[in-house]
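Chemist: Below: one structure in structure tokens.
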Amino acid sequence: MFFMIFNLLIVDDEAPIRKGLSEYIKWEDYDCKVVATANNGEDAITKINENDINIVLTDVKMPLLDGIGLAKYIHENRPDIAVIILSGYSEFEYARSAIQYHVSQYLLKPASKDQVIAAVKEVCEKIVTSKSNTRIKESELAFLKDQLFQQLTDSNVIDEEKQKKIDSFNLDFSHFYVAAFQLPKDFNEFSKLKDIIKDQQIESHCFRYNNMVLTAYFCDQNSYIGPIVEDCKEIEYLFQEQYGKQLDIGISAHHSTAKHFSKAASEAITALSLNFYSASHIIAFSRDYIANRNIFPVDISVRLHEYETAILQLNFKAAKDVVSTLFSNLQSNFTDEASVKNICTQIYLISYRLVMSTYNLPMDEKYVKMLTESSDIFQLKSIVSDMINDLQIQLTQSVKKYSSFIEESLNYIKEHLEDDLSLEQIAQHIHINESYFSRTFKKECGNSVISYINNLRINKAKELLATSNLKTFEISEAVGIHDPAYFSVLFKKNTGMSPKAYRDQFVNV
């Protein structure tokens, strides 16, 4: 059941009766409102066309057009309006002849206030019941229609049962496209997107399919994809305006038979995945994309090795050239999003490893999150470019000359990182007084010997967590910390997160 206000039109050629019916009954107490009055049938028709009327309360005998004529007009033109006839005794049988026009109630004059109210209330209840039943029926039909389209999406076989449903819904698949709408990951209110789609002008039907909304656009013979693209742009704009979220949209090729609906839906979903290469987030399917996809463009390991060599030599121009060539090849071959993100993550890890192991410098870990959350290849390219620029500034400023015995101690620490290391042990190895060695090391390296070793071990642990399947206790051993509990405490102190939380950042990249 639902609530509504019922708009009344009072029709009578006698002004006192119009005034009495409209003003002396507190219609608001019965969820009603008198929106207009009329003094004859013709005047009433004008008021009906000017207002949203639910119930007409009319006299029978009136000049120009009587109540029966008005009931006939309403029956033929506005069958959604209920009619209550008020008639005198002498014309009652005449009024009853209006039954053929589906008049809802007949009241004999003079009718009491309570009788009028009771008649109107009964009609209101019938309207509510009718509307409720209509909504239930519409809901059931919508469900069955969605079910049909889901079946058409899952299979290209049109059996007798499906064809009957297609005919019953009067669906014409002579010319159609399918669009796939992908909601943002943090937005799952599919009905809101469907409401926006339904408000557009092109004939269509939208339905939820898995984690997206598919829309069938039905066109005439001369239609082309242009109006559908414009329609999708409008939907994208409205969704962005109302919810501040970005939609991704893929559009199929043109099709002309119901048995190709499954193929069209597949094309739309494929095009949707190629939005990774579209700055506009709307892309139409093309068989050229498919012809080029899944051909891995270059030997990635060779390119990554070239990048690593360039960074080691501090040749940042060469590093940028390698990355630029790599992205060009990835883009021209429409390499899938997951593979591109994986390659970008490898570039990050190579940079991270070199910065940490060679220079023991921190590297901004914001790039991991940025790479994971990027939505297209243009963002990824920009992120990697920014990362290399930051790397260039950091390494250029940090390259410096150490004392020969400090250089020797740094090499010794790197070679024996997995062993138990102490200030005394290292000083003995390089044959330098322990106290002098400690002061000089802190002066040239900016950290105490123990802090430097711990930082190096944590950085190595980060690399192993990101790139290997070793368990935490195995990584702890590999970096020279033989107490896993102490390793976890030290790792969290240095990074602000547990080893597991750190590793989880890389799971979906």
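Chemist: Got a number for residues in region 110-124 being surrounded by fewer than 15 Cβ atoms within 10 Å (Cβ to Cβ), outside any helix (DSSP H, G or I) and not hydroxyl-bearing (Ser, Thr, Tyr)?
Modeler: 1
Chemist: Just checking, does region 347-369 include any residue being hydrophobic (A, V, I, L, M, F, W, C), buried (at least 18 other Cβ atoms within 10 Å of the Cβ), modelled with pLDDT of 85 or more and closer than 25 Å to Glu306 by Cβ?
Modeler: Yes, region 347-369 has at least one match.
Chemist: Sticking with this one: Take the residues in region 282-318 that are assigned to a loop (DSSP other than H, G, I, E, B) and modelled with pLDDT of 70 or more; name whichever of them is nearest to the chain's Cα centre (by Cα).
Modeler: Phe285
Chemist: Across region 88-107, what is the number of residues that are at pLDDT below 80 and either within 59 Å of the chain's Cα centre (by Cα) or part of a strand (DSSP E or B) (or both)?
Modeler: Filtering region 88-107 for residues at pLDDT below 80 gives 88-102.
Now narrow it down to the ones that are either within 59 Å of the chain's Cα centre (by Cα) or part of a strand (DSSP E or B) (or both): 95-102.
Going through region 88-107 one residue at a time, the tally reaches 8.
Chemist: From the list Lys492, Lys462, which one is without any contact (Cβ under 8 Å) to a residue 24 or more places away in the chain and not acidic (Asp, Glu)?
Modeler: Working: Lys462 fails: without any contact (Cβ under 8 Å) to a residue 24 or more places away in the chain.
Just one listed residue meets the conditions, Lys492.
Chemist: Regarding Phe181, is this residue closer than 30 Å to Ala338 by Cα, surrounded by fewer than 16 Cβ atoms within 10 Å (Cβ to Cβ), within 23 Å of the chain's Cα centre (by Cα) and of a type in the set (A, V, I, L, M, F, W, C)? Outline the logic, then answer.
Modeler: Details: closer than 30 Å to Ala338 by Cα: yes; surrounded by fewer than 16 Cβ atoms within 10 Å (Cβ to Cβ): no; within 23 Å of the chain's Cα centre (by Cα): yes; of a type in the set (A, V, I, L, M, F, W, C): yes.
No: the conditions fail for Phe181.
Chemist: Moving to a separate point now. Regarding region 384-394, can at least one residue be identified that is within 30 Å of Phe437 (Cβ to Cβ), assigned by TED's automatic domain parsing to the domain that holds Ala318 and out of contact with any helix residue (DSSP H, G or I) (no Cβ under 6 Å at 6 or more places or on another chain)? Break it down stepwise before answering.
Modeler: Narrowing region 384-394 to residues within 30 Å of Phe437 (Cβ to Cβ): 394.
With assigned by TED's automatic domain parsing to the domain that holds Ala318 added as a condition, the list becomes 394.
Checking which are out of contact with any helix residue (DSSP H, G or I) (no Cβ under 6 Å at 6 or more places or on another chain) leaves us with 394.
Yes, that holds for at least one residue.
Chemist: Could I ask something else about it? Counting only residues that are more than 19 Å from Thr215 (Cα to Cα), assigned to a helix (DSSP H, G or I) and touching a residue at least 24 places away in the same chain (Cβ under 8 Å), how many does region 136-160 have?
Modeler: 0
Chemist: Pull up region 42-63, narrow it to residues that are more than 53 Å from the chain's Cα centre (by Cα) and of a type outside the set (Lys, Arg), then point me to the one that is surrounded by the fewest Cβ atoms within 10 Å (Cβ to Cβ).
Modeler: Looking only at region 42-63, we keep the residues that are more than 53 Å from the chain's Cα centre (by Cα), and these are 59-63.
Those left that are additionally of a type outside the set (Lys, Arg): 59-60, 62-63.
Working: Asp59: 26, Val60: 23, Met62: 23, Pro63: 11.
Residue satisfying both the conditions and the ranking: Pro63.
Chemist: With region 1-62 as the region, which strands (runs of 3 or more DSSP E) entirely inside it contain at least 2 residues that are closer than 14 Å to Val123 by Cβ? Steps first, please.
Modeler: Working: elements: 6-11, 32-38, 55-59.
Qualifying strands (runs of 3 or more DSSP E): 6-11, 55-59.
The values are calculated or read from the model by the stated rules, or taken from the named source; none is laboratory data. The structure presented is a predicted model; accordingly, all values stated were derived computationally and were not measured. Glycine also receives a Cβ, built like all others from the backbone with ideal geometry; neighbour counts cover every protein chain displayed.
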